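Participant: Sharing a structure below in structure tokens format, with a few things to ask.
The values are calculated or read from the model by the stated rules, or taken from the named source; none is laboratory data. Just so we're clear, the structure is a prediction, and the values are computed from it rather than from any experiment. Ideal geometry is used to build each Cβ from the backbone, glycine not excepted, and the neighbour counts take in all protein chains shown.
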Amino acid sequence: MSDTTEKTDVLVIGSGFGGAITAYHLAAGGAKVTVLERGPWLKNDEFEHDYKLGSSYTRIFDFVVGDGMSVLGGNCVGGGSVVYFAAMPRAPRFVFDRHGGIGRRMWPKSVSRETLDPWYDRIEESLSVSKQDWSDASYAGGLWAAACNHAGRTANPLAAAIDNSKCVNCNFMMAGCRFEAKQSLTVNYLPGALAHGAEVRPLHEVQYLERTPGGDYRVHYNIVDDEDYRLQSGSGVIEAKIVVMAAGAAATPVILQRSETRLGTMPHAVGRYFSGNGERLNTAILNEDKVAEILGLSRGDGQLPYGANAIGKGPTVASWDKLDGSLPEYSRYSLEQLYFPPGLGTILAQVPDASGPTWFGKEKKEILKHWKSWLTIFCMTEDDNEGVFGPPPATGNSHRISQQMLGRGNLSYKPTENTWHGWNQADADVKEILEKDGLAKVMPWTNDLVGAYTVHPLASCRMGDDPHTSALDDTSELRGHSGIFVTDGSAVPGALTVNPAMTIAALAERAVPHIVAAARAKGIAVTYGAPAPTGYKSGRDAVLPLLRKKELAGV
Amino acid sequence: MRRIPERKVDIAEAATFTLEAYADTIVPGEKRWPGDRAVAGVSTGGGAVACGALDLLRWDATGIHDGLEDLASRVNDHARAYAEKTGRTLDGTVPPFVSLDYDDRVRLIEELTTPGHPEKDFWVLLSLFCNMAFDSAAHLHTDESIENGHPGLAAMGITVPDTDGLWRFRDFGYGRRLADLHPDTTPSGSPA
């Protein structure tokens, strides 16, 4: 039977940042690469502007409700890069020195802002990340900037992976970018990987791994229906010498937990130390008269001075005044203007000064009538890595409820006093800025319905120097399981106080030469050194000398 | 073109009234006719019910379709217990939850969705879909909903898309600097 088992050199689980980047480099270096992706593969013209269940808006992302924390993640070829809002800031310097709950450095000593910068450079080159100008900022971003300025604060247009010449400011980015303005992995790394012979298989949901007698890995997957993800139509197995796990921070640890009986004991940190990136959302309901009078803003005759909630491109402006490394841990955060579409974003918003219930009822309906004048502020604080995954569900990473989108997972998250300290400070700051002189009424989203809420799950399988509190060593390899690498958000040790895609991507780039070295040690003829998928070489040329110093094989 | 035909489960009239009353408590609307008991009429304009909450709930895509009769029966049991506890007299001609007035319906849903309530997950899920009927018409194509005057999307001021069903905004920003940059900003626009 073993003669008929399908084999590949490198099996990549997931096609988001961690999967697409590693697949590209390994395929370009000459390895046979197969990518298994649990979600569908949508082409450009399938990205719809439609809130109906079954449109791309619900097919390509996943909302998993846990106990005390809900996670929104990508579920399609391209993963998070297809559904995210393309904000790509580097993490501030102090993040890498964080201690968190363990009382000593969370990050490996070898990873700092300085050592990660050359890898950040590679991503900026590959995804055409650019500094946005004020003329690129949406009305919502501009309003946030003006309010910050009025409160004596600074504000920054965000670095983003968006081609503004193609962007129509439709704010449907979460349903996939119809106009190829967003530089998702489907327009760079993934086509590059395919051009070098990698194979991408959508609707293949990996369930567990086991070892072959020869020391390779046998990966078991189920085939998921392309329309109703509750239905599965068969299963299969594929063998690989190297496995790259990039299923996302809400799925990678679940697959490893389910594999434990076959692979042997997992590091203690697998499925623990989950971080929601300290995320917290506030809804401000603007007083349009005050916006005109105090901020001097106008959208032209007959238009409300703001009244633009649906116009834009995700977050365009953030306040970094509290990204100050001299402040104590848990009191540093960024405050970012964000658009959040209806469907999930409205029910969690609360009525300021409600006399009745805050999230439903007649007063809630009244604020929904002012929805165009809502401004959402996204706080990214420092949480305490308090998330823990319970026993894995029967398949996948959740018990699916709806045909797409909605599931119940086994993540448990009980915010500590430290986390609440950060959230409370950020909430108070947003209130101070936006309620100044009656500009708006502000309330944070409620945690009572679906717990806290993150769109940036991290750290469930984190890297570090201490084997007791990290699942991966500083090369991103799973401790005690040679040949398994983890390159998605689960590898990031803790909250970043900014959007994490840039850091996840940079860590994936940084892991590649180590994966190449491990692959060569297993007899795979692969080398490192591909240029950016765009063809640019300066990022590559900057990291090669660093790698030669390390004497990594094949580099 | 979808391969799997859309399926909507049928539920009994009493369950329909009960769930309409629940949906109307989440996003209230105005009475559909003078004697409308399910819709409490505490708000002007259409609420979740007028937005098609029952159509959305009954659609098998939601995953709660098969549990609707059970949810209706449970919320009616809770309504009976609530009435007994608070000394309310129920009108036997309508389901117990429908018999409660709006403020009592609110108090009961607040109890059922309080963290720690053993059935909280069910009621949050039901509330989520009732809300979605109003705020995104998740059972209908968005452009058609707008064209047909969907009360929720209209109340929220969702604009009409271009003729190809896609939204484009040529005027999208104030186009000028509105704050000073943070002094520690890298040339490529990141925190230093």
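Participant: Could you figure out which of (1) buried (at least 20 other Cβ atoms within 10 Å of the Cβ); (2) in contact with a Gly (Cβ under 7 Å, 6 or more places away or on another chain) isn't true of A:Val492?
Facilitator: Failed condition: (2).
Participant: Check off (1) of a type outside the set (Val, Ile, Thr); (2) in a loop (DSSP other than H, G, I, E, B); (3) closer than 27 Å to A:Phe47 by Cβ for A:Pro213 and give me the number that stays unchecked.
Facilitator: Only one criterion is unmet by A:Pro213, namely (3).
Participant: Can A:Gly176 be described as in contact (Cβ under 8 Å) with a residue 24 or more places away in the chain, surrounded by fewer than 18 Cβ atoms within 10 Å (Cβ to Cβ) and of a type in the set (Gly, Ala, Ser)?
Facilitator: The answer is no for A:Gly176.
Participant: Name the single residue, out of those in the range B:160-185 being within 7 Å of another protein chain (Cβ to nearest Cβ) and hydroxyl-bearing (Ser, Thr, Tyr), that is surrounded by the fewest Cβ atoms within 10 Å (Cβ to Cβ).
Facilitator: So the residue we want is B:Thr185.
Participant: Consider B:Glu144 carefully, then state whether it is at the interface with chain A (Cβ under 7 Å from one of its Cβ atoms) and of a type in the set (Asp, Glu).
Facilitator: So B:Glu144 does not fit the description; no.
Participant: Return a yes/no flag: does the range A:432-443 have any residue that is touching a residue at least 24 places away in the same chain (Cβ under 8 Å) and within 20 Å of the chain's Cα centre (by Cα).
Facilitator: For the range A:432-443, residues touching a residue at least 24 places away in the same chain (Cβ under 8 Å) and within 20 Å of the chain's Cα centre (by Cα): absent.
Participant: Let me ask something else about it. Could you name every one of the strands (runs of 3 or more DSSP E) located completely within the range A:362-426 that has at least 2 residues being out of contact with any helix residue (DSSP H, G or I) (no Cβ under 6 Å at 6 or more places or on another chain) and among the small types (Gly, Ala, Ser)?
Facilitator: A:406-413
Participant: Surrounded by fewer than 20 Cβ atoms within 10 Å (Cβ to Cβ), at pLDDT below 95 and more than 7 Å from every other protein chain (Cβ to nearest Cβ), is that true of B:Ala154?
Facilitator: In short, no.
Participant: State all residues of the range B:136-167 that are in contact (Cβ under 8 Å) with a residue 60 or more places away in the chain and within 19 Å of A:Ile311 (Cα to Cα); if no residue qualifies, say none.
Facilitator: Of everything in the range B:136-167, those that are in contact (Cβ under 8 Å) with a residue 60 or more places away in the chain and within 19 Å of A:Ile311 (Cα to Cα) turn out to be B:Gly152, B:Ala155.
Participant: Here's another thing I want to ask about it. Could you grab me the full set of residues in the range A:221-251 that are under 24 Å from A:Val512 (Cα atoms), in contact with a strand residue (DSSP E or B) (Cβ under 7 Å, 6 or more places away or on another chain) and of a type outside the set (D, E, K, R)?
Facilitator: A:Ile238, A:Ala240, A:Ile242, A:Val243, A:Val244, A:Met245, A:Ala246, A:Ala247, A:Gly248, A:Ala249, A:Ala250
Participant: Considering each residue of the range A:222-248, count those that are touching an Asp or Glu at 6+ places or on another chain (Cβ under 6 Å), closer than 30 Å to A:Ala505 by Cβ and not basic (Lys, Arg), and give that number.
Facilitator: 6
Participant: Name the residues in the range A:13-55 that are within 22 Å of the chain's Cα centre (by Cα), part of a helix (DSSP H, G or I) and crowded, with 24+ Cβ neighbours inside 10 Å, would you?
Facilitator: Listed by number, the residues that qualify are A:Phe17, A:Gly18, A:Gly19, A:Ala20, A:Ile21, A:Thr22, A:Ala23, A:Tyr24, A:His25.
Participant: Looking at B:Cys130, is it in contact (Cβ under 8 Å) with a residue 24 or more places away in the chain, at negative phi and within 9 Å of chain A (Cβ to nearest Cβ)?
Facilitator: The answer is yes for B:Cys130.
Participant: Another one. Any residue at all in the range A:66-73 that is part of a helix (DSSP H, G or I), within 14 Å of chain B (Cβ to nearest Cβ) and not acidic (Asp, Glu)?
Facilitator: No, that holds for no residue.
Participant: Within the range A:119-137, does at least one residue satisfy the condition of being within 7 Å of another protein chain (Cβ to nearest Cβ), surrounded by 24 or more Cβ atoms within 10 Å (Cβ to Cβ) and part of a strand (DSSP E or B)?
Facilitator: Among the residues of the range A:119-137, not one is within 7 Å of another protein chain (Cβ to nearest Cβ), surrounded by 24 or more Cβ atoms within 10 Å (Cβ to Cβ) and part of a strand (DSSP E or B), which makes the answer no.
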